[in-house]
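Novice: Below is the structure I would like to discuss, written out as structure tokens.
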Amino acid sequence: MSVDHILIAVPARDEEATLADCLRSLERARAAVPVRSSVVLVLDSCTDGSLDVARRFPDSLVIEREHENVGRSRHDAVLTGLRACGSSPDRTWIAFTDADSTVPRPWLREHLRAARTADAYVGAVVPRLAELDEPRRRAWQRSHPPGATLGHVHGANLGVRADAYLRVGGFLPLLVGEDVDLVARLRDARFRIAESERHPVTTSGRLSGRAPEGYSAYLRGLAT
């Protein structure tokens, strides 16, 4: 089944410093595909200037929540976006990224390529190496030869056809690991999963993140 709409879902919690770069990168990626697309940004319990930044991007649908929960935020973005887009779930592709991340221009083209043969897509994520100290930068480079990111699930570069997402119940209200849990349930339901290291998403190299035991915890552990 072909895709006629891409819904991009982005959770944010106090990401004033990175949000504009994220949304600008999404604009470039959206311009590179011939398919209609939309962005839903969930500002979850933000206390900084994230809303002011988001208002500079009127093409994004912004909703505010007080979940303090990334799983619920991602799920709210999907439900809101599906109601707004009016496309059939079996022809809608959901692409997930994070507000502290930037996507490359071919990002959505890679998702559409996966959607031709698969029901979901697990893509690569790399940190901004310049933000890491020298020991962690060397450790990351040593531990990431070609193929090293395959098999790892990151919500910052994840895609799924909307009907498959709904059939497995979507994201659960988990504080961490909501992305890994979703893909596990898709696999258990025998949906086809594509994986690729092509066109990775670049994410924050910070060592103290919003999600406990999330990507920042992994980066912290590189130097131990």
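Novice: Quick check on region 184-214: of everything there that is hydroxyl-bearing (S, T, Y) and assigned to a strand (DSSP E or B), which residue is modelled with the lowest pLDDT?
Specialist: Here the answer is T203.
Novice: Surrounded by 15 or more Cβ atoms within 10 Å (Cβ to Cβ) and over 24 Å from F191 (Cβ atoms): which single residue out of V103, V62, V40 fits that description?
Specialist: Matching residue, one of V103, V62, V40: V62.
Novice: Among the candidates S45, S50, single out the residue that is in contact (Cβ under 8 Å) with a residue 12 or more places away in the chain and crowded, with 22+ Cβ neighbours inside 10 Å.
Specialist: When all the criteria are applied, what remains is S50.
Novice: Further question on the same structure: What tally of residues in region 18-56 results from selecting those that are under 19 Å from G159 (Cα atoms) and touching a strand residue (DSSP E or B) at 6+ places or on another chain (Cβ under 8 Å)?
Specialist: Final tally of qualifying residues: 14.
Novice: Is it fair to say V180 is part of a loop (DSSP other than H, G, I, E, B) and either under 16 Å from D119 (Cα atoms) or modelled with pLDDT under 95 (or both)?
Specialist: No.
Novice: Quick one: A114 ticks every box in (1) part of a helix (DSSP H, G or I); (2) surrounded by fewer than 20 Cβ atoms within 10 Å (Cβ to Cβ); (3) not acidic (D, E) except a single one, so which number is it?
Specialist: Status for A114: all satisfied but (2).
Novice: I would also like to ask the following. For a quick check of your reading of the model, give me the residue pairs whose first member lies in region 4-30 and is on the phi > 0 side of the Ramachandran plot, whose second is modelled with pLDDT of 95 or more, with beta-carbon atoms closer than 7 Å and at least 6 apart or on different chains.
Specialist: Final answer for the pair search is D14/C46; D14/T47; D14/D48; D14/S50.
Novice: Continuing with the same structure: From (1) surrounded by fewer than 17 Cβ atoms within 10 Å (Cβ to Cβ); (2) in a loop (DSSP other than H, G, I, E, B); (3) at pLDDT below 95, pick out the condition that doesn't hold for H154.
Specialist: Result: H154 passes all but (1).
The values are calculated or read from the model by the stated rules, or taken from the named source; none is laboratory data. Please read all numbers here as calculations on a predicted model, not as lab measurements. Cβ: placed from backbone, ideal geometry, glycine included. Neighbour counts: every protein chain shown.
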